[in-house]
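The values are calculated or read from the model by the stated rules, or taken from the named source; none is laboratory data. Just so we're clear, the structure is a prediction, and the values are computed from it rather than from any experiment. Methodologically, a virtual Cβ is constructed for each residue, glycine included, from the backbone with ideal geometry; neighbour enumeration extends over all protein chains shown.
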Amino acid sequence: MTLTIVDLGCGNLGSVAIALERFGVAPLITADAERIAAAERVVLPGVGAAGFAMERIEALSLSETLRSLRQPVLGICLGMQLLFEESEEAAGPCLGIIPGRVRRLDPAPERPVPHMGWSRLAVSDPRIGLSDGDYVYFAHSFACDTGTATRAFADYGREIPAIVVQENVWGAQFHPERSGEAGARFLQAWLDS
Amino acid sequence: MPARRIIPCLDVKDGRVVKGVQFRDHRDAGDIIEQALRYRDEGADELVFYDIGASPEGRSLDLGWVRRIARVIDIPFTVAGGIRSRDRAAACLDAGADKISINSPALERPALIGEIARDFGSQCVVVGVDSLAVEGDYVVKQYTGSPEATRDAGRRTLDWVREATERGAGEIVLNCMRQDGVRTGYDLAHTRDVVDAVDVPVIASGGAGSPEHFRDAFAEAGVSGALAASVFHDRLIAIPDLKEFLATCGIEMRR
């Protein structure tokens with residue numbers, strides 16, 4: 001199976017690649033549009049800022065390639081946020097594959113921002129490999145709004161969509177590669193999808 | 001609040017885990033990978049690796065062990081030690097670290113915090129603060145990895161944590177130096193003041209000696225995580241038992 005990890009030059013690609021290697025996958029890390037389009041599966045990872053990441057996508061001429069993927073796609077953390085129409089963290093539009101916008105989290109007493117650590121999930125779709133009460137690891141200051149694509153969420157003052165699924169495109173706001181056994185179950189479910 | 005985090009801290013020197021008392025007299029505490037796997041298996045929520053010799057020796061941490069840890073660990077981990085540039089932080093993240101923690105270099109050049117946060121996001125920038133009580137106030141110490149090099153940073157702790165978060169730090173590890181390695185409990189009042197001063201998660205560090213100390217850090221000081229070294233390395237507290245105890249105290253734990 002060919003799997004590419006999109007290399008925007010602004011993220012921690014190492015731990016995502018290593019996590020996928022545990023499933024016997026040999027991911028190719030690349031920013032080459034043809035190789036991304038030709039892969040059987042595509043991971044859009046990212047730590048970092050949405051504005052910087054979208055600038056990189058434009059500079060690498062990848063936006064049309066990413067919008068037109070029909071194979072299974074997984075966006076992780078910032079990579080999931082980029083799937084939406086716009087983000088308060090970016091001046092211009094994001095990829096617009098999934099309807100909705102990404103908004104900043106508001107800090108409150110007992111609710112610091114970034115939302116950092118292991119939060120419990122409420123899960124509405126058994127296909128994602130996770131169950132109600134599973135803990136997964138989050139590290140983010142922005143989040144999308146709940147919508148029809150939401151398949152699991154965490155509660156952090158507002159509902160934080162943890163997993164979105166729209167046709168061939170999945171997104172995880174948390175870090176499956178750093179979420180222990182629960183994260184591995186999610187990655188397995190995506191690889192089986 | 002997510003589940004409160006239990007965070008073993010592994011001080012690294014010459015590729016081995018070491019532990020000192022009040023930042024002195026380091027003794028060997030084991031192999032890095034063995035220790036990392038042990039804590040992961042026991043249910044640690046996150047690990048921190050500090051190359052304690054890096055800053056005082058004027059070098060950066062060794063990426064070799066960062067890559068080795070990234071390969072075997074499936075929980076988040078933070079690395080620290082002499083990270084003095086945006087590019088060095090990038091290399092640590094590329095090697096597989098989830099967060100980088102900066103202490104003395106951030107005091108030398110505070111703009112470094114913003115340079116890393118701008119490109120990689122605040123969620124991967126931790127600022128470690130070594131705080132010491134002096135004449136009724138708390139001040140920041142620098143180069144604490146070696147007693148000979150330790151000196152005043154010339155800043156009040158509360159001023160510095162506010163500045164660090166305004167510049168983009170996404171987490172503060174507050175290490176209260178009088179408490180370090182002496183197991184008399186976290187400095188709750190000072191830690192509470194820091195929690196109240198910033199919007200980002202605060203991790204308590206220095207002084208954990210009993211399960212009650214962890215409980216108080218969460219319930220009274222309001223921290224997101226509690227970091228400890230010697231009580232875990234010396235097997236005085238087992239993480240599964242600690243989490244069980246804290247859960248019975250009404251503190252949310254991932255188990």
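Scanning region B:211-245 for residues that are of a type in the set (Ser, Thr, Tyr) and modelled with pLDDT of 95 or more yields a single hit, B:224. Would you say residue B:158 is surrounded by fewer than 24 Cβ atoms within 10 Å (Cβ to Cβ) and under 27 Å from residue A:90 (Cα atoms)? When the stated conditions are applied, residue B:158 does not pass them.
Here A:58, A:64 are screened, and the one residue that is away from chain B (no Cβ under 14 Å), out of contact with any Phe, Trp or Tyr (no Cβ under 8 Å at 6 or more places or on another chain), part of a helix (DSSP H, G or I) and over 23 Å from residue A:167 (Cα atoms) is A:58.
Taking region A:137-171, which residues are surrounded by 24 or more Cβ atoms within 10 Å (Cβ to Cβ), touching a Ser or Thr at 6+ places or on another chain (Cβ under 9 Å) and small (Gly, Ala, Ser)? Answer for region A:137-171, where residues must be surrounded by 24 or more Cβ atoms within 10 Å (Cβ to Cβ), touching a Ser or Thr at 6+ places or on another chain (Cβ under 9 Å) and small (Gly, Ala, Ser): A:152, A:162. Within region A:71-120, the residues that satisfy the criterion of being among the acidic types (Asp, Glu) and out of contact with any Phe, Trp or Tyr (no Cβ under 7 Å at 6 or more places or on another chain) are A:85, A:86, A:106, A:110. If the condition is being at pLDDT below 95 and of a type in the set (Ser, Thr, Tyr), then region B:3-49 contributes no residue at all. How many residues are within 12 Å of chain A (Cβ to nearest Cβ), crowded, with 19+ Cβ neighbours inside 10 Å and of a type outside the set (Ser, Thr, Tyr) if we restrict to region B:41-78? Within region B:41-78, residues that are within 12 Å of chain A (Cβ to nearest Cβ), crowded, with 19+ Cβ neighbours inside 10 Å and of a type outside the set (Ser, Thr, Tyr) number 12. If the condition is being more than 23 Å from residue A:17 (Cβ to Cβ), within 12 Å of another protein chain (Cβ to nearest Cβ) and surrounded by 24 or more Cβ atoms within 10 Å (Cβ to Cβ), then region B:113-143 contributes B:122, B:126.
Per the listing A:53, A:31, A:19, the residue uniquely under 19 Å from residue A:95 (Cα atoms), within 11 Å of another protein chain (Cβ to nearest Cβ) and among the hydrophobic types (A, V, I, L, M, F, W, C) is A:53. Condition check: touching a Gly at 6+ places or on another chain (Cβ under 9 Å) and more than 21 Å from residue A:164 (Cα to Cα). Does residue A:87 satisfy that? It is false that residue A:87 is touching a Gly at 6+ places or on another chain (Cβ under 9 Å) and more than 21 Å from residue A:164 (Cα to Cα).
For region B:79-112, filtered to residues that are within 14 Å of another protein chain (Cβ to nearest Cβ) and over 22 Å from residue A:7 (Cα atoms), the residue that is surrounded by the fewest Cβ atoms within 10 Å (Cβ to Cβ) is B:101.
Checked against (1) more than 17 Å from residue B:105 (Cα to Cα); (2) not in a strand (DSSP E or B), residue B:138 passes all but a single condition, namely (2). Cβ separations smaller than 6 Å between residues 6+ apart or across chains give the following pairs from region A:126-141 residues that are in contact (Cβ under 8 Å) with a residue 60 or more places away in the chain to residues that are surrounded by fewer than 24 Cβ atoms within 10 Å (Cβ to Cβ) and assigned to a strand (DSSP E or B): A:128/A:151. Going through A:110, A:181 one at a time, which residue ends up being closer than 21 Å to residue B:251 by Cα and within 14 Å of chain B (Cβ to nearest Cβ)? None of the others qualify; the one that does is A:110. Only residues that are closer than 15 Å to residue A:74 by Cα and either at the interface with another protein chain (Cβ under 10 Å from one of its Cβ atoms) or of a type in the set (Val, Ile, Thr) (or both) were counted in region A:142-173, giving 5.
Across region A:113-129, the number of residues qualifying as outside any strand (DSSP E or B) and more than 14 Å from every other protein chain (Cβ to nearest Cβ) comes to 6.
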